[in-house]
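Comments concern the structure below.
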Amino acid sequence: MMVGIATLGPLGRLRAPGTWGSAAGLFWWALVVRQAHAKGWHHEFIFDALVVLMAIVICGVAAVMIGKKDPSEVVLDEFAAMPLVFLFNPYVHGGKSALLLILLGFLLFRLFDITKPFGIKALEKLPGGFGIVLDDVMAAIYANLALHAIAWLWFIL
C-alpha cells in the first residue's frame, strides 16, 4: 500500500514519472490546496507542510520496500512539492495572467527538479525520505522565487 501511495498508483510507472507526479501535484493544488488558500495563506502553508511531512515518511518507507535509495517510480515527492511553487503568490489566484503564470510555475519546477542547481543535488544525499523529498521542496522554493520575480516584473513593466 505504501508503494502504491508513493508511486501515485500507475503514474510512477509511466514514462517521465516525475513530470506526471508534478502534473498530479498541480491538479491537487488547483482542486484542493487553493481551497485552503481561500481561508488564508497560513492555512495553505500548514496544509502544504503536512503533506510534505507525510511524503517524507511514505517515500522513505516505499524506498526501503522497493530496495532503492531514490526510486524514480516514487513520485509523491513531486506531488507534495508542486503546490509550494504557488505559495504566497497572489498572481496565480485570478486575473488574466494567472493561467500563464501557473504553466510557467510548472515548467520552472520541472526545470529546477531535473537540473538540480544551486545545492539541490546535495539534498539528495540526506537519508531516507528526507533525501527523496527535500530536493523537490528546494526545487519548488527556487521555482517559487523565480515565479515571484517574473510576476513582479510582468506587472511592473
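All of the numbers you see were taken from the coordinates with simple rules; none came from a lab. Predicted, not measured: the structure shown is a model, and the values here were computed from it. A quick note on method: Cβ atoms are made from the backbone with ideal geometry, for glycine too, and the neighbour counts reach across all protein chains shown.
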For this session: Report, by chain and number, residues whose modeled amide H sits under 5 Å from the one on Leu8, excluding near sequence neighbours (fewer than 5 apart, same chain).
Result: Val75, Leu76
Seminar exercise, completed: Rounded to the nearest 500, the 222 nm mean residue ellipticity computed for the chain from DSSP H runs (n ≥ 4, each -39500 (n - 2.57)) alone is -21000 deg cm²/dmol
For this session: Please list 81-92, 41-52, 3-14, 126-137 highest first by mean number of surrounding beta-carbon atoms within 10 Å per residue.
Result: 81-92, 126-137, 3-14, 41-52
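Of all the C-alpha pairs in the chain, what % are more than 18 Å from each other?
55
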Problem set entry | Degrees separating the helix 128-156 axis from the principal Cα axis of the chain, which is the longest one | 10
Seminar exercise, completed: Rounded to the nearest 10, the angle in degrees between the Cα long axis of helix 98-115 and the longest principal axis of the Cα atoms of the chain comes to 40
